[in-house]
Structures are given as structure tokens and as C-alpha cells.
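One structure is given here, and the rest of the page talks about it.
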Amino acid sequence: MQMQPSDKEQAVQKMFSSIARYYDLNNTLLSFGIHHQWKRQMVEQARISSGDFVLDVGAGTADLAILAAKKVGPQGTVIASDLNAPMLQIGREKLARVCAALGKAAPKTDCIIANAESLPFKDHSVDVVLTGFCMRNVAHLDQALREIFRVLKPAGRFVCLEFSTPKYKFLRRLYDFYSYQFLPAIGTWVAKDRTGVYQYLTDSIRLFPNQEAFLSKMQKAGFQEVHYLNKTGGIVAIHIATKGNL
């Protein structure tokens with residue numbers, strides 16, 4: 001399901017709205033629970049410190065924002081941003097429960113509707129930007145990367161978790177079967193979806209740049225020290241970069 005950029009944003013939001021209440025369940029079922037491990041590992045790569053301002057771009061149901069909230073302390077700030085209101089509402093409720101449990105150790109938090117291609121933050125204002133399974137859904141990838149670069153402080157850190165290209169041929173074949181047969185069937189059945197979102201997700205993974213191509217795009221946007229870590233044989237990759245000192 002390849003879309004023109006002008007149509008992609010609206011179509012993607014409609015699809016994600018339709019599955020919002022099943023999204024966390026399906027993530028766990030379809031990844032056999034491994035997505036929690038991937039997210040913990042990527043947040044560790046962010047080297048979040050007490051007092052940091054952390055922005056979770058394309059936060060969805062706010063899993064990454066929750067992990068960040070446990071690290072920044074009461075002097076820190078965590079913002080979860082997403083274009084999809086139903087997904088973000090679930091994230092807001094989850095984040096509120098976690099902050100209540102943290103008590104006096106909870107940071108300042110907020111969940112806001114925002115487009116990754118036009119972030120409502122000042123230049124050089126954010127310590128860490130996290131994004132998980134978001135970049136392949138934006139309409140204009142290069143613009144989203146430029147916006148993330150813009151809002152980061154000098155020496156700020158950007159960490160992106162995204163599906164990628166498995167390293168081994170046997171794994172690619174197995175992943176193709178999983179992606180084109182198992183994932184759409186189970187995802188659609190659990191979510192009772194009729195929008196085709198799970199077929200779209202499969203196609204979006206195949207259309208997204210591979211590890212090296214995405215690394216090049218990050219460098220073109222201005223990021224330095226760009227590198228990536230393959231996880232689960234390259235099914236996903238964690239890309240890590242810094243803004244550099246201006």
C-alpha cells in the first residue's frame with residue numbers, strides 16, 4: 001500500500017485511530033513480547049540524566065515516555081507528542097498512572113498533539129529525542145529528521161527504534177512469511193480492523209530505508225556520531241546520533 005505523501009498522513013491517522021485500544025495488546029502478541037526489551041534497550045542508549053527534557057516523537061501510547069519518566073527525576077520534563085488523539089489519550093492515562101506511582105520522584109509530563117514534521121518547540125530546547133516505530137509513518141522523512149535536529153540542544157542525543165532489514169537470508173525469508181501472512185491476519189483479527197492498517201504496516205516496513213540508508217539520511221540532516229545497533233538479527237535497528245556542538 002504505497003501512498004503519496006499528501007495522502008499518507010490522513011490515511012495513517014485514520015488507520016491508527018481504528019486500532020488504538022488494541023495497539024498495546026497487538027504489539028505484545030505480534031512481537032512475542034520482545035518489543036518491551038527493544039524499547040528498554042533503546043532508552044538506555046539515550047543516556048538520559050536527571051533533570052533532562054525528553055521529547056518522545058510519535059509517542060503513540062507513550063511506552064518510551066514512561067521509560068524516560070522513570071529516569072529524569074522530579075527536575076526533569078517528559079513530553080509525549082503524536083498526531084493521533086485516540087492513541088495519545090491511552091498514553092496519557094498510562095503516563096499518569098506511572099507518575100502517580102513515582103510520587104515525589106515524578107517529573108513534569110505532558111501529552112500533546114504535534115506533527116513530527118513541525119514540532120512546537122524552540123530551537124535548541126530539548127536534551128533527548130526518542131522515537132519508536134514512528135519514522136516510517138511520517139509523510140516527509142527528511143523534514144522530520146530536520147525538525148528533530150532543530151529542537152535538540154547542542155550535544156543533544158537522538159535515538160530512533162525502527163523496523164529494518166534482517167542481516168541473514170534465512171531470517172529475511174522467515175520474516176517475509178511472518179510479515180505478509182501472520183502479522184496481517186492476527187493483527188486484523190485481534191483489532192477487528194477493516195482499514196487495512198496491518199497490511200499497511202507490513203508495506204511501510206519494506207519501503208523504509210535500510211540501516212545504512214537511514215544512517216545516511218540522519219547524517220544529511222546534520223547529525224554526528226551516527227551509528228546503529230541491530231536487534232533480533234536486524235529485524236529492528238536502534239539508530240543513535242548526537243547533534244554536535246554548534
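Read-outs: derived from the displayed coordinates by stated rules, not from any lab. All figures in this text were calculated on a predicted structure; none of them were measured in a lab. Ideal geometry is used to build each Cβ from the backbone, glycine not excepted, and the neighbour counts take in all protein chains shown.
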Original post:
Packing-wise, with mean Cβ within 10 Å as the measure, how do 96-102, 78-84 rank, highest first?
Top reply: 78-84, 96-102
**OP:** Would you mind getting me the FRET efficiency between TYR178 and ALA155? Use the beta-carbon distance for r and R0 = 45 Å, nearest 0.05.
**Re:** 0.70
Subject >> Label selected from [x] 0.94; [y] 1.19; [z] 1.10, the criterion being Rg/Rh (Cα atoms, Kirkwood Rh) as computed here >> reply: [x]
Original post:
Once Lys and Arg get +1 and Asp and Glu get -1 on their Cβ, which of PHE208, SER125, ASN27 lies farthest toward the positive end of the dipole of the range 5-242?
Top reply: ASN27
**OP:** With only Lys, Arg, Asp and Glu charged, each at its Cβ (+1 for the first two, -1 for the last two), find how big the charge dipole of the chain is about the Cα centre; round to the nearest 20 debye.
**Re:** 420
**OP:** Using only alpha carbon pairs under 8 Å that are at least six residues apart, calculate the relative contact order of the chain and give it in whole percent.
**Re:** 21
Subject >> Extension gain, GLN10 back to LYS167 (0.36 nm per residue minus Cα-Cα distance, nm) >> reply: 53.2 nm
**OP:** May I ask you to compute the full-extension gain from SER31 to ASN230, defined as 0.36 nm times their residue separation minus their alpha-carbon distance, rounded to one decimal in nm?
**Re:** 70.1 nm
**OP:** Given the peptides 24-36, 229-241, arrange them by the average over their residues of other C-beta atoms within 10 Å, most packed first.
**Re:** 229-241, 24-36
Subject >> Out-of-range pairs (alpha-carbon distance over 24 Å; input LYS71/LYS243; LYS153/LYS217; LYS94/LYS220; LYS167/LYS192; LYS71/LYS153) >> reply: LYS94/LYS220; LYS167/LYS192
Original post:
For ARG206 and GLN75, what is the calculated FRET efficiency with R₀ set at 41 Å and r taken between the beta-carbons, to the nearest 0.05?
Top reply: 0.45
Subject >> Computed lengthening from ASP110 to ARG47, 0.36 nm per intervening residue step minus Cα-Cα distance >> reply: 20.6 nm
Subject >> Expected 222 nm ellipticity per residue - DSSP helices of 4 or more, -39500 (n - 2.57), all of the chain, to 500 >> reply: -14000 deg cm²/dmol
